[in-house]
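Engineer: If you scroll down you'll find the structure; I have some questions about it.
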């Protein structure tokens, strides 16, 4: 049995209307979820395929970190699709620095976060002290590198150029695989 802690404000999303989301996770990941809505503690018990069951904590964690249930469940759609969390607090000096860095990662009107998604194909959510990424390994790596550049103080223009280069590499690689 595995345990995951989910923020109080995300318990309702995890359960879903009438328990719909919880049942969908249980069905698709072949697990049983025991959600304590008071503490936010979620016990996950494998009841079927252990490989699917191994992904269940990531699905629950992803929903807890702000992803939609559909995005979180997409981890089950492809063997290579993964969920990764970047702890922003460990890259910042204090609360003000964290706030400033989150602002840089989100960008004006959310543009930086959107560009990360558009140019890599990954999904990106910034919530609390974390940045979550769901995508293929090369997409996740590209976002992780872009985030690292921003946290290290790189100008947005340099990060956007990097993301555009990565986008071209990812799409050209895809085109070659498609036609090959």
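The values are calculated or read from the model by the stated rules, or taken from the named source; none is laboratory data. In this text, all values refer to a predicted model and were calculated from it rather than measured experimentally. Counting neighbours? That spans all protein chains shown, and the Cβs are built from the backbone with ideal geometry, glycine included.
Quick grid of which residues meet (1) surrounded by 13 or more Cβ atoms within 10 Å (Cβ to Cβ); (2) more than 16 Å from residue 61 (Cβ to Cβ); (3) in contact with a strand residue (DSSP E or B) (Cβ under 8 Å, 6 or more places away or on another chain):
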position	(1), (2), (3)
8	no, no, no
11	yes, no, yes
15	yes, no, yes
18	no, yes, no
21	yes, no, no
29	yes, no, no
33	yes, no, yes
38	no, yes, no
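Engineer: Residue 70: touching a helix residue (DSSP H, G or I) at 6+ places or on another chain (Cβ under 9 Å), surrounded by fewer than 18 Cβ atoms within 10 Å (Cβ to Cβ) and part of a helix (DSSP H, G or I), yes or no?
Structural biologist: Answer is no for this residue.
Engineer: Moving on. Working carefully through the options 88, 80, find the one that is in contact with a helix residue (DSSP H, G or I) (Cβ under 7 Å, 6 or more places away or on another chain) and over 19 Å from residue 65 (Cα atoms).
Structural biologist: Details: 88 fails: over 19 Å from residue 65 (Cα atoms).
Criteria check complete, one pass: 80.
Engineer: Also, quick follow-up: Taking strands (runs of 3 or more DSSP E) that do not extend beyond the stretch 1-64, which have at least 3 residues that are in contact with a helix residue (DSSP H, G or I) (Cβ under 7 Å, 6 or more places away or on another chain) and at pLDDT below 95?
Structural biologist: The strands (runs of 3 or more DSSP E) meeting that bar number zero.
Engineer: Which of the residues that make up the stretch 64-91 are closer than 18 Å to residue 147 by Cα, in contact (Cβ under 8 Å) with a residue 40 or more places away in the chain and out of contact with any strand residue (DSSP E or B) (no Cβ under 9 Å at 6 or more places or on another chain)?
Structural biologist: 91 - this is the single residue of the stretch 64-91 that is closer than 18 Å to residue 147 by Cα, in contact (Cβ under 8 Å) with a residue 40 or more places away in the chain and out of contact with any strand residue (DSSP E or B) (no Cβ under 9 Å at 6 or more places or on another chain).
Engineer: In addition: Of all residues in the stretch 118-140, how many are in contact with a strand residue (DSSP E or B) (Cβ under 7 Å, 6 or more places away or on another chain), over 21 Å from residue 10 (Cα atoms) and either surrounded by fewer than 17 Cβ atoms within 10 Å (Cβ to Cβ) or touching a residue at least 24 places away in the same chain (Cβ under 8 Å) (or both)?
Structural biologist: Final tally of qualifying residues: 5.
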